[in-house]
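I have placed the structure first, in the form of structure tokens, so that the comments after it can refer back to it.
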Amino acid sequence: MKRYLTVLQQKKKVIRKKILERRALLNSAILNMAEKSAAEQLASTEDYRASKTIMLYMNFRNEVPTGSIINNIRYSGKKLVLPYTNKEFEIIPYEIPLAGELKDYLVRSRFGVLEPDPSLCKEANVNSIDLVVVPGSVFDITNNRIGYGKGCYDRFLSKLPASVYKIGLAYDFQVLPSVPTTQTDVKMDEILIIETNIMKKKTSHA
């Protein structure tokens, strides 16, 4: 069994590396269009509209940008929750105050990711979260997800109430027919796909 899991992890590592190398090549024009598309797609979902408290991620290294989504949440009256990752790679959700600017409540982690400042934000009650928008390196058409190798989100998501809706944000090339999975991997309820092929055509004709 241990050898089987090791083989699966190696397969994940190879797939992750290939997809992240492709993601790293995305230019700023495509990222800007992806940010707008992600915000529009998410806003059109029934689960987003019905949610009062939404947990997002701060995009890093060409992940699908979430800046516009975050602004929409803050200005809509919904509660915004962002993840803080401690030294044990445990995700702790923090509620971001509405007063002031977002940047006033953020600090940069040792990995360079912007996170909530625990001294300025209060820890969110996981039972109050309605929707989580989840980053990932690779997904598949049956809503499986490969993260970044530390298992942070899988451990966090597994502790949430079953009622919490989980949406993955992915570029089209990040969604494969299938990916290797283990029992500890948490599936998404839905994946919003950002079509980069259409965006590339738009930028080439600009």
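The values are calculated or read from the model by the stated rules, or taken from the named source; none is laboratory data. Computed from a prediction, not measured in an experiment: that's the story for all the values here. Neighbour counts run over all protein chains shown; Cβ positions are idealised from the backbone, glycine included. Note: accessible area is taken over every heavy atom of the protein model, side chains too, but ligands, DNA and RNA are not part of it. Shrake-Rupley method; radii C 1.70, N 1.55, O 1.52, S 1.80 Å.
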Inset, instruction - Could you tell me whether the stretch 9-17 includes any residue that is part of a helix (DSSP H, G or I), at pLDDT below 95 and crowded, with 18+ Cβ neighbours inside 10 Å? - result: yes
Inset, instruction - May I ask you to say which residue of T6, T53 is hydroxyl-bearing (S, T, Y) and surrounded by 18 or more Cβ atoms within 10 Å (Cβ to Cβ)? - result: T53
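If a residue has to be part of a helix (DSSP H, G or I) and open to solvent by 60 Å² or more (accessible area, probe 1.4 Å) to count, how many in the stretch 31-50 make the cut? Don't jump to the end; show me each part of the working.
Restricting attention to the stretch 31-50, the residues satisfying the condition of being part of a helix (DSSP H, G or I) are 31-43, 46-50.
If we keep only those that are open to solvent by 60 Å² or more (accessible area, probe 1.4 Å) as well, we get 32, 36, 40, 46, 49-50.
Residues meeting the conditions: 6.
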Legend entry - Any strands (runs of 3 or more DSSP E) falling wholly within the stretch 74-151 and containing at least 3 residues that are at pLDDT 95 or above and surrounded by 13 or more Cβ atoms within 10 Å (Cβ to Cβ): 79-85, 91-96, 114-116, 131-134, 138-140
Inset, instruction - Identify all residues within the stretch 1-56 that are among the small types (G, A, S), under 19 Å from V81 (Cα atoms) and touching a Phe, Trp or Tyr at 6+ places or on another chain (Cβ under 8 Å); write none if there are none. - result: S51
Inset, instruction - Only residues that are among the acidic types (D, E) and free of Cβ contacts under 8 Å to residues at least 24 places away in the same chain: list them for the stretch 74-129, please. - result: E88, E101, D104, D117
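Could you grab me the full set of residues in the stretch 56-73 that are in a loop (DSSP other than H, G, I, E, B) and either aliphatic (A, V, I, L, M) or surrounded by fewer than 16 Cβ atoms within 10 Å (Cβ to Cβ) (or both)?
Of the residues in the stretch 56-73, the ones in a loop (DSSP other than H, G, I, E, B) are 56-66.
If the condition is that a residue be in a loop (DSSP other than H, G, I, E, B) and either aliphatic (A, V, I, L, M) or surrounded by fewer than 16 Cβ atoms within 10 Å (Cβ to Cβ) (or both), then L56, M58, F60, R61, V64 are the ones that fit.
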Legend entry - The one condition in (1) touching a residue at least 60 places away in the same chain (Cβ under 8 Å); (2) farther than 29 Å from L176 by Cα that N59 fails to fulfil: (2)
Inset, instruction - Please enumerate the residues belonging to the stretch 170-181 that are touching a helix residue (DSSP H, G or I) at 6+ places or on another chain (Cβ under 6 Å) and not in a helix (DSSP H, G or I). - result: Y171, P180
Inset, instruction - Please name all residue pairs, on different chains or six or more residues apart, with Cβ atoms under 9 Å, provided the first residue is in the stretch 34-49 and is over 17 Å from I129 (Cβ atoms) and the second residue is polar (S, T, N, Q) and open to solvent by less than 20 Å² (accessible area, probe 1.4 Å). - result: A34/T196; E35/T66; A38/T66; A39/T66
Inset, instruction - Can you work out which of the residues in the stretch 152-171 that are within 15 Å of the chain's Cα centre (by Cα) and open to solvent by 30 Å² or more (accessible area, probe 1.4 Å) is nearest to T53 (Cα to Cα)? - result: Y165
